[in-house]
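What follows is a short report on a single structure.
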Amino acid sequence: MFRSYLSSTILRQLPLSIRSISTKRRELDAVIFDVDGTLIDTVDYHAKAWHDALEYYNIKSNLSDVRMQIGKAADQLLPVFATNEQIKKYGENIKAKKAQLFQDNYLDKVKPFPGVRELFELIKQRNILIALASSAPIEELELYKNIANVHDLIDCQTSSSSKDVKRSKPYPDIFLATLKLLKNPSTDRVVVVGDTPWDAQAAVAAKLKIIGVLCGGCDEKLLRESGCTWIYRDIIELTKNYDRVTKDILKIE
């Protein structure tokens, strides 16, 4: 038992770039998770808060159209509905209003999807790093980790408000910043888990493979067309198929 513990401890301390060489690991080096719509059930709440904030500043939007843009941060979402002049004049106020509406009306309703803690524990038992890459502001992200009960299982995190992320999804900046925090593992030993086409497009642009989950409400065909190689109904189904996906990624027979 002590030898096994010592081996796993040494393994975690090795640079990711040499882990697979030194141990012939049959596991991934890291899994990067989106948060909203992937780990916690927030998509509809964010959509309503954005819609109401836009309406407050007399910017017309359809709720279903706003929902399709969830997964982007404000820098990419606002230009879909507001003119440059409106963004220049009201942009920061709209963001603040949205944050206020979400906190006042919806935050206490937020729940994790079933099985999140169990999947994270499975991954950690195999000495695989876990990272979060979320469009949520850092303050929200901290709350979400506690809501999902995974705060103690995360190795690093990146938010769209992080200094190294100039553009939010669908640009690859957030995943590139996350890879840097992970000490630049080989991209063929890392996978992203997300629920939107913006996650998929950003992952592909960062040369990462991505697993799509449908619990955020996005259409399976759209996720596939955007770059998801594997698609599962939810986190529980992904957990059941985790070993199969790992073999596919690492090309293990």
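Things to note:
- Identity of the residue in the stretch 234-243, among the charged types (D, E, K, R) and more than 25 Å from LYS207 (Cβ to Cβ), that ends up most open to solvent (accessible area, probe 1.4 Å): LYS240
- For beta carbons closer than 6 Å, sequence separation of 6+ or different chains, a first residue in the stretch 170-191 that is in a helix (DSSP H, G or I) and a second that is among the polar types (S, T, N, Q), the qualifying pairs are ILE174/THR158; ALA177/THR158; THR178/THR158.
Conditions tested, residue by residue: (1) touching an Asp or Glu at 6+ places or on another chain (Cβ under 9 Å); (2) farther than 29 Å from ASN146 by Cα.
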position	(1), (2)
GLU85	no, yes
TYR90	no, yes
ASN93	no, no
PHE102	yes, no
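- Test result for ASN58, surrounded by fewer than 19 Cβ atoms within 10 Å (Cβ to Cβ), under 20 Å from the mean Cα position of the chain (by Cα) and either of a type outside the set (A, V, I, L, M) or assigned to a helix (DSSP H, G or I) (or both): no
- GLN100, sole failed condition from (1) part of a helix (DSSP H, G or I); (2) in contact with a Pro (Cβ under 7 Å, 6 or more places away or on another chain); (3) not hydrophobic (A, V, I, L, M, F, W, C): (2)
- Restricting the stretch 210-233 to residues that are in contact with a Leu (Cβ under 7 Å, 6 or more places away or on another chain) and not in a strand (DSSP E or B), the residue that is least open to solvent (accessible area, probe 1.4 Å): GLU220
The values are calculated or read from the model by the stated rules, or taken from the named source; none is laboratory data. These figures come from a predicted structure and were not determined experimentally. Note that each Cβ is placed from the backbone with ideal geometry, even for glycine, and that neighbours are counted across all protein chains shown. Heads up: the accessible areas ignore ligands, DNA and RNA and are worked out on the full protein's heavy atoms, side chains in. Shrake-Rupley method; radii C 1.70, N 1.55, O 1.52, S 1.80 Å.
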